[in-house]
Each structure stands twice: as C-alpha cells, then as structure tokens.
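Readers should treat all values here as calculations from the given coordinates under stated rules, not as data from a laboratory. Everything numeric here is computed off the predicted structure, so don't read it as measured data. Cβ placement follows ideal geometry from the backbone for every residue including glycine, while neighbour counts extend to all protein chains displayed.
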Amino acid sequence: MSKYNMIKKGDIVGVAVSGGKDSLSLLHVLKKMSESHNFELKAITIDEGIPGYRDEVFGIVKDFCNKNEVQQKIYSYHNLFDITLEEALELRKNEKTSSCSICGTLRRRAFDLGAKDLGTTVIATGHNLDDFLQTFIINLLSGDTNKIGWMDPDTSSNKTRRIKPFCEIYENEIAFYAFINEIPFQAEQCPHMNEGIRTEIREFMNSLENNHTGIKNSMYKSVERISNLVKDSNYKQRRICPKCGNECTGQICSVCNMLVNLKLD
C-alpha cells in the first residue's frame, strides 16, 4: 500500500465488502493496520437484488463487522436506481450486454454513493492480481483503451481515490490467508458469473501460470507500464452529467445512459 500511496494519515476508508474471501480478508488486514496507522474504516455492502444470492452473506458481513467494530451499511440497487439487477436483465434488449457489464456499472456508482453517504475519503476494493489481469484482457479485447489508462494502481492524485491493496497478490494466496485466519465468507458464486468472458479468461490465465510460473507477475508489470502510457495519450475532458450531476467523459454518464437504454427497451 505504501508503494502506491494508497492510504494517508487521517483517511476514512470505505471498504467494499461483498462477503467473499477477498473483501473480508481486506477488511481483516486493514483493521489490523488501522490500529497503528491512524485511519478509520467503514464497510460498504451492495445488494444487487439477485433473489436468494445475498441471503447468507448479509449475516456473515454483519457479524464480521460487529466483531471487528467496523461501521457497516447496505445499499441496494433498488433504492439507489429504482431497479434491481434481475429487473435490468429482463429489460435488456439482448444478451450482448452482459449481466457483469450492467452490474459492474451500477456497482461502481453504488460504492461512490455509499462512500459519499458515509463521508469516506477513499474507496478500497478487494480486487486481486488475477482480477486485475482479467480486467486488462477484457478491456483489451473490447478495444476500451480509456479503461486501460485508468488501471494504474497509484490513484493518490485522483479526485476520487479508489485503491486495490491486493492488486499484486494471487487469488489463491488470499484464499489461504482467509483459511488460516478462520475468516468466514460466502462460498456461493454469482448465478450470472458464466455469462461473460471473465471465467474463460480466468481459466486461460491459470493454465498459463501452471505451465509458466510467474507469468502473472510479469504480465502485471507490463500492464502497469501500458496503463501509464495510455493514460496520458487518451486524456478526455471531464464534464458534469446533466441527469445525475456526476462526473463523466461523455454527454451523459455510463450509469444514466444504461438506465435510459434499459427503460427505453
């Protein structure tokens, strides 16, 4: 975290806690660090509105936060956007717009709104090395060079600071950490996880790593350099979305654009 200036003295860190091994391990680590490094933690949990999927996790997260004396609040898509993920999937015109794409767009905004509500100065997510590389490949395959430019782990100079403390740590190492520290977490996977390309990329990268140990670390270093180069060359002037008042680079922000298109369909 010190390498990328992720947390500063006096910060109020909003930790995105989904109830999985990554987010709860992150909260566990940051709680230990906060006791000696003068920053505060608050937990943000999102309810996407997937029937039955979050029933177990809300209890796990609540108990974990109470045990560690961390304030936690749940924000739902229904309350924030007047639509659940399941409703959005029913409204989409076709499956070219994947559930992961819809959920990811709404989730990022939900964390922003939660962070603002809780008065946090930085948002921390449990994305690990595997997540980071998968996202790069997805952005590369879709031709979204702007998002590649946003992948630099050092966000210390950004207006909205989003940090990924686990971005250089393998997913299986985090799973081992959760196991040896007896951290309870949701084992059930999202029912929509296989709809997008991420699962195929995960399997491909794991196969490469098994045959060529260290290739993920090597790729991470390359992505970091590429992100810095692309970030400077693909700069876009930010403006205020006329519908919601959030910053964006288009005529309206991605969230409003998605909601308008869904309801038009």
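Pull up region 26-72, narrow it to residues that are of a type in the set (Lys, Arg) and out of contact with any strand residue (DSSP E or B) (no Cβ under 9 Å at 6 or more places or on another chain), then point me to the one that is farthest from residue 184 (Cα to Cα). Reasoning before the result, please.
As a first pass, look at region 26-72 and keep what is of a type in the set (Lys, Arg): 31-32, 42, 54, 62, 67.
Pick out the ones that are also out of contact with any strand residue (DSSP E or B) (no Cβ under 9 Å at 6 or more places or on another chain) and you get 32, 67.
Details: 32: 17, 67: 12 Å.
Here the answer is 32.
Scan region 136-158 residue by residue and report those that are out of contact with any Ser or Thr (no Cβ under 7 Å at 6 or more places or on another chain) and either among the hydrophobic types (A, V, I, L, M, F, W, C) or in contact (Cβ under 8 Å) with a residue 40 or more places away in the chain (or both). Outline the logic, then answer.
Taking region 136-158 and keeping what is out of contact with any Ser or Thr (no Cβ under 7 Å at 6 or more places or on another chain), we get 136-147, 150, 153-158.
Those that are out of contact with any Ser or Thr (no Cβ under 7 Å at 6 or more places or on another chain) and either among the hydrophobic types (A, V, I, L, M, F, W, C) or in contact (Cβ under 8 Å) with a residue 40 or more places away in the chain (or both): 136, 137, 138, 140, 141, 145, 146, 150, 153, 154, 155, 156.
What tally of residues in region 196-248 results from selecting those that are in a helix (DSSP H, G or I), exposed (fewer than 13 other Cβ atoms within 10 Å of the Cβ) and among the small types (Gly, Ala, Ser)?
4
Report, ordered by the first and then the second residue, all pairs with beta carbons closer than 8 Å, sequence separation of six or more or different chains, a first member in region 173-187 that is under 18 Å from residue 57 (Cα atoms) and touching a residue at least 60 places away in the same chain (Cβ under 8 Å), and a second member that is among the aromatic types (Phe, Trp, Tyr) and outside any loop (DSSP other than H, G, I, E, B).
183/64; 183/177; 184/64
Out of all the residues in region 47-62, is one or more under 28 Å from residue 151 (Cβ atoms), touching a Lys or Arg at 6+ places or on another chain (Cβ under 9 Å) and of a type in the set (A, V, I, L, M, F, W, C)?
no
Restricting attention to region 90-116, which residues are farther than 17 Å from residue 247 by Cα, touching a residue at least 40 places away in the same chain (Cβ under 8 Å), part of a helix (DSSP H, G or I) and not polar (S, T, N, Q)?
91, 100, 102, 103
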